[in-house]
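Below is one structure, written out as structure tokens; the observations come after it.
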Amino acid sequence: MSIRAEGINVFPLMTRSDYEFYDELGTLSSEQVDIYQKPDATGIRSDEINFHLFNTVGKNELNQFNGLYFTSLLNRNVAHYMAIAHAIHGTSIRTYEQTRATEGQWFDDPLVDDIYKRILLVETMQTLHRINIRNALDHSSSHVYLATKHAYVPQQLHQLLQGSELTEFEPFDEELYHRREQAMVIAVEAKRLFDKHGQAVPMSMMEKTSYARFRKWSDERQSLTDDILRTEFGLYIDRVGKKDVRWIRRL
């Protein structure tokens, strides 16, 4: 990640269900994996993911990081906000989700939507204070990255964090995100065949896997799969001119 090259020690914070995907992509350092899968006294990492986006309260593992990347908003199940709204305003209040394309509003009733936004901001503020911003003697900068298409969330956080600076990045290309996900699946299958059959794998062995779809992809996705195989698995793809992939071999 380019932000790491700028001296920012950023921790990617994700949901429990997203952890495996990000781990397979190589997003996490060994130190960060140890936080998610805390090793026991013998150094063996736990299979349980007890540290995640919705479970950071009272935990101090992030105070050495000066950057935090929220891979998604702290949005809980709809029923969570409904129950709180009923407790405050009674069971007659409308707790339907917003059906109109209204920017910055999730629930149909503004009272319920206000409860949702307040909880979201409080929990996000509490979570971002897990990093070095909480250290009274640390006067260095803190960096928070929030992946969301709702501009009002970072804008309100900016207002609450006095003296902070707000920078908006280009919208994320979700199509490219899924291309990488698909390319990763294909690359993993290619590596499994390589591990099973030795130093080189001919294309014919790939015909019964999702790798067969590789030849129908655009050059951009072919290049993406090549990069994954080379950088993450140490494998190299031999090509003959503009023909299909012929061999996969170790670097």
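Coordinate-derived values only; no laboratory data. Computed from a predicted model, the values in this text were never measured in an experiment. Backbone-built Cβ (ideal geometry, glycine too); neighbour counts: all protein chains shown.
Annotations
- By DSSP, the beta bridges lying fully in segment 1-159 are antiparallel in about 25 percent of cases.
- When the chymotrypsin sites (Phe, Trp or Tyr not before Pro) in segment 1-71 are filtered for DSSP coil states and for at most 15 other beta-carbon atoms within 10 Å of their beta-carbon, the remaining sites are Phe54.
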